[in-house]
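**Student:** Following this message is one structure expressed as structure tokens.
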Amino acid sequence: MNSLFTLAQTDYPEAMGALTLAHYLFLSAAMFALGIVGFMTRRNLIIMFLCTELMFQASGIALIAFSRFHLNHTGQTFVIFVLTVAAAEAAMGLALVVLLFRKRESLSTEEWAEMSG
């Protein structure tokens, strides 16, 4: 009976090493920084929304990496909610971009800056 119990626990995943965690966190930070740089420098609304999605994905990678490192599923569960919010944001953002493009036939944010008055 004891050997059966030991056999059942051999498939349990081992803890992630610190070096591997650092790699995932570096990838996540690089993606997030790329998203911020793209969001701040570009003036096309579609590119800005894509950079926002890139930042959402970077935070998801960090959450999953920490979740795997600590051998629990809370980070992976939270990523499901982050993806849901990102999908809703993308749908609303795309609807807004289509509406704005129909009005002025341009997606430049500089052209829409005069509306802020």
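**Student:** Within the stretch 97-108, is there a residue that is acidic (D, E) and surrounded by 13 or more Cβ atoms within 10 Å (Cβ to Cβ)? Show your work before the answer.
**Tutor:** To start, the set of residues in the stretch 97-108 that are acidic (D, E) comprises 105.
Next cut, surrounded by 13 or more Cβ atoms within 10 Å (Cβ to Cβ) only: none.
No: the stretch 97-108 contains no residue that is acidic (D, E) and surrounded by 13 or more Cβ atoms within 10 Å (Cβ to Cβ).
**Student:** With respect to F78, determine if the residue is surrounded by 12 or more Cβ atoms within 10 Å (Cβ to Cβ), modelled with pLDDT under 85 and touching a helix residue (DSSP H, G or I) at 6+ places or on another chain (Cβ under 9 Å). First the steps, then the outcome.
**Tutor:** Numbers: surrounded by 12 or more Cβ atoms within 10 Å (Cβ to Cβ): yes; modelled with pLDDT under 85: no; touching a helix residue (DSSP H, G or I) at 6+ places or on another chain (Cβ under 9 Å): yes.
Against the criterion (surrounded by 12 or more Cβ atoms within 10 Å (Cβ to Cβ), modelled with pLDDT under 85 and touching a helix residue (DSSP H, G or I) at 6+ places or on another chain (Cβ under 9 Å)), F78 does not qualify.
**Student:** Just give me the residues in the stretch 65-75 being surrounded by 15 or more Cβ atoms within 10 Å (Cβ to Cβ) and in contact (Cβ under 8 Å) with a residue 40 or more places away in the chain, in sequence order.
**Tutor:** Filtering the stretch 65-75 for residues surrounded by 15 or more Cβ atoms within 10 Å (Cβ to Cβ) gives 65-69, 75.
Across the stretch 65-75, the qualifying residues are A65, F66, R68, F69.
**Student:** If you take the residues in the stretch 81-117 that are charged (D, E, K, R) and farther than 15 Å from T52 by Cα, which one is modelled with the lowest pLDDT? Talk me through it step by step, then tell me what you get.
**Tutor:** At the first step, the residues of the stretch 81-117 found to be charged (D, E, K, R) are 89, 102-105, 110-111, 114.
Add one more test, that the residue is farther than 15 Å from T52 by Cα, and what stays is 102-105, 110-111, 114.
Details: R102: 82, K103: 78, R104: 75, E105: 75, E110: 74, E111: 71, E114: 68.
Ranking the candidates gives E114 first.
**Student:** Right, something else. Across the stretch 81-95, what is the number of residues that are surrounded by 13 or more Cβ atoms within 10 Å (Cβ to Cβ) and not β-branched (V, I, T)? Step through it out loud before you land on a result.
**Tutor:** Just the residues of the stretch 81-95 that are surrounded by 13 or more Cβ atoms within 10 Å (Cβ to Cβ), to begin with: 82-83, 86, 89-90, 93-94.
In the following step, the residues that additionally are not β-branched (V, I, T) were identified as 83, 86, 89-90, 93-94.
Selection size over the stretch 81-95: 6.
**Student:** Another one. Restricting attention to the stretch 30-85, which residues are not aliphatic (A, V, I, L, M) and not in a helix (DSSP H, G or I)?
**Tutor:** First, the residues of the stretch 30-85 that are not aliphatic (A, V, I, L, M): 32, 35, 38-39, 41-44, 49, 51-53, 56-57, 59-60, 66-70, 72-78, 81, 84.
Of everything in the stretch 30-85, those that are not aliphatic (A, V, I, L, M) and not in a helix (DSSP H, G or I) turn out to be R42, R43, N44, H70, N72, H73.
Yes/no matrix, rows are residues, columns are (1) touching a strand residue (DSSP E or B) at 6+ places or on another chain (Cβ under 6 Å); (2) surrounded by 13 or more Cβ atoms within 10 Å (Cβ to Cβ); (3) among the hydrophobic types (A, V, I, L, M, F, W, C); (4) at pLDDT 80 or above:
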residue	(1), (2), (3), (4)
T6	no, no, no, no
L34	no, yes, yes, yes
R43	yes, yes, no, yes
L54	no, yes, yes, yes
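**Student:** Now for a separate question. What are the residue pairs meeting all of these: first residue in the stretch 85-108, first residue within 11 Å of L45 (Cβ to Cβ) and touching a residue at least 12 places away in the same chain (Cβ under 8 Å), second residue of a type outside the set (F, W, Y) and not in a helix (DSSP H, G or I), Cβ atoms under 9 Å, and 6 or more apart or on different chains?
**Tutor:** V97/L107; L100/S106; L100/L107; L107/R43; L107/N44; S108/R43; S108/N44
The values are calculated or read from the model by the stated rules, or taken from the named source; none is laboratory data. It should be emphasised that the depicted structure is a prediction, and the values quoted were computed from it without experimental measurement. FYI the Cβ positions are ideal-geometry reconstructions off the backbone, even for glycines, and counts take in every protein chain you see.
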